[in-house]
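**Q** Encoded as structure tokens, here's the structure I'll be asking about.
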């Protein structure tokens, strides 16, 4: 059996997905995003990855960092997966251009400021 992924790896997954979103959608006009179906669903998939990784963070980590609404991030993943027929491009656009900007800076800070060897020993 594989060892479960730890918080640091989950945060790295979040950061990787954010970087992909910024590369593939950051400067894209909204109309072009709506017309490029494959790109649009690739973007949606990366938002799902962010939500799934956030959902899998330990409760110790999310409790230590309550300034991020981890539950809402995981909820977005659930909405995209289970309520896919209600997802609109405005919601996706807002996630890309507002929500992930702050999340990225927080994740970068957590990755840099946490003593991961100590964290993994105690959590």
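The values are calculated or read from the model by the stated rules, or taken from the named source; none is laboratory data. Computed from a predicted structure; not experimentally measured. We place every Cβ from the backbone using ideal geometry, glycine too, and count neighbours over all the protein chains shown.
**Q** Any idea which of 21, 33, 38 is farther than 29 Å from residue 122 by Cα, surrounded by fewer than 16 Cβ atoms within 10 Å (Cβ to Cβ) and out of contact with any strand residue (DSSP E or B) (no Cβ under 9 Å at 6 or more places or on another chain)?
**A** 38
**Q** Related question: For residues that are more than 20 Å from residue 111 (Cα to Cα), out of contact with any helix residue (DSSP H, G or I) (no Cβ under 8 Å at 6 or more places or on another chain) and assigned to a loop (DSSP other than H, G, I, E, B), scanning just region 19-71, find the one that is modelled with the highest pLDDT.
**A** Selected residue: 36.
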